[in-house]
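Down below is the structure, laid out as structure tokens.
We did not get these values from a lab; they are worked out from the coordinates using the rules stated. A quick note: this is a predicted structure, and the numbers were derived from the prediction, not measured. Here the Cβ is made from the backbone with ideal geometry for all residues, glycine too, and neighbour counts use every protein chain on show.
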Amino acid sequence: MVKSAVLVLEDGTSFYGKCIGIQGFSVGEVVFNTSMTGYQEILTDPSYFKQIITFTYPHIGNVGVNTKDEESMKIYATGMIIREQSIIPSNYRSEMSLPDYLKKHRIIAISGIDTRKLTLLIRKNGTQNGCIMSLNIGNYNDAYRLAKSFRGIENTNLADMITTRHKYYWNTTVNKNINEKKSTCIERKFFVVVYDFGVKKSILRILHNKNCILLIVPSYAHYSDVLKLKPDGIFLSNGPGDPRPCIYVINTIKKFLKKNIPIFGICFGYQLLALASGAKIIKMKYGHHGGNHPVKNITDNTVYITSQNHNFSVDRNSINSNIKITHISLFDKTIQGIAIKDKKAFGFQGHPESSPGPQDIVRLFDKFINLMNT
């Protein structure tokens, strides 16, 4: 028998529907994602840690799920909100239905609600905290109390909560001894240290396919330890939440900039690079989440359709003379890309690996390769 569930926002607004995950409750920041496909990649993206995702596309679960499309080993989203669940998944690659996948990963989800109304509410009033609760364990008042008590993601270092605890090589055939010199990795041309703030598999896959050997290190990896490895480049990964509390890694990036080591930052990593270069970060009203966001390269006036997932943005008013703006959003004119003048460092707000989403701007990985090649 299908259990009933309720979604309650911190302003008291409620939506009643069906529980399609496990029984219980989940609390998080409620955001909406406008992607039409790729729900599995979205759910397993670590950047959604502590967030409840509302899918604006009305029919979710059509193609089931499979392990090859996972961006990480688990679902990082706190919960999921959808209009309608597909009853029977239909795809030759499907290994499991979406409801079974949610239950496997112990995720709370709700279906059968008016996601258009919810999305418009978030657009009008801004992102809110919320609680999904199955009604067999509680009621509206319980869910409202939990939604109000959630502290949110602002001013909290979420990256340190989900980063790897041990450094490791990714997808190579070399000896896994961490002290082995990079010269022994003869099948790879570039040695890249990846700071893991919640890195996605697709990012690592692209770098690997572009002839890089990848050493993944924790978000708190010490500058001198990394420098001793003599990397050809530093990659700052995507990740969840607010970058401003990450003081330690911001200071580390400042030191790398002085050495002029090639640096590429994506999403959360891009914001950290901006902070290390003197810019400020501000909280957006409801953020960018989806695979259909137009971004303009202001150097050559080309427009890309990009994949986005962030609730914070670089403050345009804080841009100083050593930062060059390279890309802007055509939705709201927020800054989408920067390059650090006289340094081999740049960043992009979207997800160039495009998982899920269009592949228009994957060429940024080539730019990183070219910087390491010079």
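Here the Karplus relation 6.51 cos²θ - 1.76 cosθ + 1.60, evaluated at θ = phi - 60°, turns the backbone of the range 361-371 into coupling constants of 10, 5, 4, 4, 5, 5, 4, 4, 4, 5, 5 Hz, with x for every Gly and Pro. Site pair MET36 and TYR140 shows an inter-label distance of 3.7 nm when each label is modelled 7 Å from Cα along Cα→Cβ. Of all aspartates and glutamates in the structure, those lying under 12 Å Cα to Cα from LYS210, and not within fewer than 8 positions of it along the same chain, are GLU187, ASP366. Taking the Cα centre of the range 277-374 as origin and assigning +1 to Lys and Arg Cβ atoms and -1 to Asp and Glu Cβ atoms, the resulting dipole is close to 320 debye. The chymotrypsin sites (Phe, Trp or Tyr not before Pro) of the range 81-163 that meet both conditions, a loop assignment by DSSP and at most 15 other Cβ atoms within 10 Å of the site Cβ, are TYR92. Where only DSSP H runs of four or more residues are counted, the chain gives -6000 deg cm²/dmol as its mean residue ellipticity at 222 nm, each run worth -39500 (n - 2.57). The longest part of the chain holding none of the exposed loop GluC sites (Glu not before Pro), meaning those outside H, G, I, E and B in DSSP with at most 15 other Cβ atoms within 10 Å, is 188-374. In this Cβ point-charge picture (+1 for Lys and Arg, -1 for Asp and Glu), the chain has a dipole of about 880 debye about its Cα centre. Seen through its C-alpha gyration tensor, with square-root eigenvalues sorted a ≥ b ≥ c, the range 4-149 comes out prolate because a/c lies at 1.5 or above while a/b is bigger than b/c. Summing charges over neighbours of GLY17, with a neighbour being any other residue whose Cβ is under 13 Å away from its Cβ, gives +2 when K and R count +1 and D and E count -1.
Please tell me which of these pairs span more than 18 angstrom C-alpha to C-alpha: LYS189/LYS230; LYS189/LYS324; LYS201/LYS333; LYS201/LYS296? Violating the 18 Å limit, Cα to Cα: LYS189/LYS324; LYS201/LYS333; LYS201/LYS296. The aspartates and glutamates whose alpha-carbon is closer than 15 Å to the alpha-carbon of LYS148, local same-chain residues fewer than 8 away aside, are GLU10, ASP11, GLU29.
For the chain, taking Cα atoms only, Rg and Dmax work out to 20.7, 63 Å respectively.
Each label was represented as a point 7 Å from its Cα along the Cα-to-Cβ direction; for ASN125 and ASP366 these points are 4.7 nm apart.
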